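Asks: Here it is, the structure in full.
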Amino acid sequence: MSVLRASRTYMMPENTLRDRVLGKVDPETVVMGKVPFFDEFEEAQIVNHFKAMSDLGYGYTQKECIDVASQFAVQLGKRTIDTPLSMM
């Protein structure tokens, strides 16, 4: 089957399919989306904090979670106090 026909049959952009067939792009290394703001260790620290507080009976609202994460980002030097994280 030709690349053009396959692209139409499977509703995939022709150039995308052609790049993969010709080996210009390695499908195993293609990353989609943004890089996470916090690395896995930092994210685990935040999650552990929320779990510990939950065990003590304190529940955070969504806004409070974002505020805590913003403060953590400031401590790590990833954000300034003037540029907090947002829900978007």
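No value in this document is a laboratory result; all are computed from the given coordinates. What you see is a predicted model, and the numbers here were worked out from it, not measured in a lab. Positions of Cβ are generated from backbone atoms using ideal geometry, with glycine treated the same way; all protein chains shown enter the neighbour counts.
Asks: DSSP loop trypsin sites (Lys or Arg not before Pro) in the range 8-60 with at most 10 other Cβ atoms within 10 Å of their Cβ, which ones? Provide the component values of the computation, followed by the final result.
Replies: Details: sites: R8, R18, R20, K24, K34, K51; in loops: K24, K34.
Qualifying residues, ordered by number: K24, K34.
Asks: Check the straight Cα-Cα distances from K51 and name the aspartates and glutamates below 19 Å, setting aside those fewer than 8 residues away within the same chain.
Replies: The qualifying aspartates and glutamates are D39, E40, E42, E43, E64, D67.
Asks: Towards the positive end of the charge dipole of the chain, with charges on Cβ (+1 Lys, Arg; -1 Asp, Glu), say which of L22, M1, V47 has the farthest Cα.
Replies: Ranked along the dipole, the leading option is M1.
Asks: While we're on this one: Could you tell me which label, among (1) 55; (2) 65; (3) 39, carries the value of percent of Cα pairs over 17 Å apart calculated for this structure?
Replies: (2)
Asks: Once the dipole of the range 34-88 is set up with Lys and Arg at +1 and Asp and Glu at -1 on Cβ about the Cα centre, which of F72, M88, V35 lies farthest towards its positive end?
Replies: Highest projection toward the positive end goes to M88.
Asks: Here is a further query. Tell me which aspartates and glutamates have Cα within less than 15 Å of K24's Cα, excluding those fewer than 8 residues away on the same chain?
Replies: Cα-Cα hits under 15 Å: E14.
Asks: Also: Could you tell me the relative contact order of the chain? Use alpha-carbon pairs under 8 Å, at least six residues apart, and round to a whole percent. Write out the running numbers ahead of the final one.
Replies: Details: 31 pairs, mean separation 11.3, N = 88.
About 13 percent, as a whole number.
Asks: To continue, here is another question. Compute, for the chain, the length of the dipole vector about the Cα centre, with Cβ point charges of +1 (Lys, Arg) and -1 (Asp, Glu) only. Units Debye, rounded to 20. Could the numbers behind the result be given before it?
Replies: Numbers: 10 positive and 12 negative charges, 116 e Å.
Here the chain has a charge dipole of around 560 debye.
Asks: Hey, another quick one. Lysines near K78 by alpha-carbon distance under 17 Å, same-chain residues fewer than 8 away left out - which ones?
Replies: Excluding near neighbours in sequence, the set is K34.
Asks: For V25, V30, what ranking results if the residue with the fewest other Cβ atoms within 10 Å of its Cβ goes first? Walk me through the intermediate numbers first.
Replies: Numbers: V25 13, V30 10.
Listing V25, V30 from fewest to most nearby Cβ atoms yields V30, V25.
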